[in-house]
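The values are calculated or read from the model by the stated rules, or taken from the named source; none is laboratory data. Since the model is a prediction, treat every value here as computed from it, not as a measurement. Cβ placement follows ideal geometry from the backbone for every residue including glycine, while neighbour counts extend to all protein chains displayed. Remember, those area values only see protein heavy atoms, side chains included, never the ligands or the DNA or RNA. Shrake-Rupley method; radii C 1.70, N 1.55, O 1.52, S 1.80 Å.
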Amino acid sequence: ILTIGGFIGSCCALLWPDLGSFVAWFLLWPTQLLMAIVMAIRQLPGHALAIGHISLLQLLGLYGCIGVVWLMPRWQKQWRFVAVLGFLILVVPLWQIQTQRFLVTVFDHTRTPMMVIEHPNSTVVLNSGDALNASQFLVPFLQQEGINRIDWAIATRPDNPSKSGWTALLKKISITNLSRCIPQAFPVGATRQSKRQIDVNPQEKLTLGPSQMMLWRVQPTVLELQIGPQNWWMVDGSNESDFLAWLVTVQPPAIQVLWWTGEPLSSSVVEQLHPQVVI
């Protein structure tokens, strides 16, 4: 009704604008009905499901199935078989990616260090940034990856209640476990929506599905992440002299990746830690 009515109203508006407005006036009630239906569905649990993006080959395969049934009469009777084939073309590659994916993504357009670790059946998010970063970058990325639930959310910085990235993230994606390295890392509303909140103390190890985390230091934060065969160190907001002085008092493990945020990093830190990769 809305599509055909809008087309008729547009044609009438070309001839006489007032006539187009008059026709469009009759579309007010079906428009409001459609909006009410959409808002009602939006309140239901599971109303949105992110399945990830499909490849160009999948897209061509789906259009090929439609074209075969449309243009070839003998295949029109086999439309059920073609429909099943199209469903398999869509679902099987996405299922394979979800069950075999192992990916670490570091975001480069935010002052807050942000990372997403994707394991099969497990997702870890390190920091969410502010509300803008969460809604414009983090949520679209997770939806594109087909992630509908975050298993572990880790906060290393205090959260601004008025610009909370965790609040913006929870509006779209559920979080099972909240882990904070410092107090006031999560707003009150976020802790109520998660199933469990864990405070991480220095020198305490935490198992994050297939990965492990240990907090070495707070303010500035030094976080160790065991991701697959690699050992990561995230150093957040530390100046070099303070970090080197602290490094003398501990026995750091061999690390493969050093993720440094804050002031510029000189070669002295790299020479002392000997990482294979510096971010």
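Couple of notes before you dig in:
- Of the residues making up the stretch 1-53, those that are in a loop (DSSP other than H, G, I, E, B), among the aliphatic types (A, V, I, L, M) and open to solvent by 60 Å² or more (accessible area, probe 1.4 Å) are ILE1, LEU44, ALA48, LEU49, ILE51.
- Of PHE141, PHE102, all but one fail to be over 15 Å from ALA168 (Cα atoms) and among the aromatic types (Phe, Trp, Tyr); the exception is PHE102.
- Any hit, the stretch 231-238, residues being within 20 Å of LEU126 (Cβ to Cβ) and acidic (Asp, Glu): yes
- Selection count, the stretch 161-182, where residues are part of a strand (DSSP E or B), within 23 Å of PRO202 (Cα to Cα) and not β-branched (Val, Ile, Thr): 4
- Failed condition for VAL69, given (1) open to solvent by 50 Å² or more (accessible area, probe 1.4 Å); (2) over 30 Å from GLU145 (Cα atoms): (1)
- Boolean, THR123 is of a type in the set (Ser, Thr, Tyr) and in a loop (DSSP other than H, G, I, E, B): no
- Hits in the stretch 101-127 - residues which are hydroxyl-bearing (Ser, Thr, Tyr) and in contact with a Gly (Cβ under 7 Å, 6 or more places away or on another chain): THR110, THR112, SER122
- ALA134 being open to solvent by less than 10 Å² (accessible area, probe 1.4 Å), in a helix (DSSP H, G or I) and among the aliphatic types (A, V, I, L, M): yes
- Answer residue from the stretch 236-260, given it is open to solvent by 20 Å² or more (accessible area, probe 1.4 Å), within 34 Å of the chain's Cα centre (by Cα) and polar (S, T, N, Q) and is farthest from THR105 (Cα to Cα) among those: ASN239
- Tabulated pairs, the stretch 101-114, first closer than 18 Å to TRP233 by Cα and of a type in the set (Phe, Trp, Tyr), second open to solvent by 30 Å² or more (accessible area, probe 1.4 Å) and outside any loop (DSSP other than H, G, I, E, B), C-beta under 7 angstrom, 6+ apart or interchain: PHE107/PHE137
- Unmet criterion (only one of (1) modelled with pLDDT of 85 or more; (2) more than 25 Å from VAL235 (Cα to Cα)) for THR191: (1)
- A residue that is part of a helix (DSSP H, G or I) and either over 30 Å from PRO45 (Cα atoms) or modelled with pLDDT under 90 (or both) can be found somewhere in the stretch 100-119.
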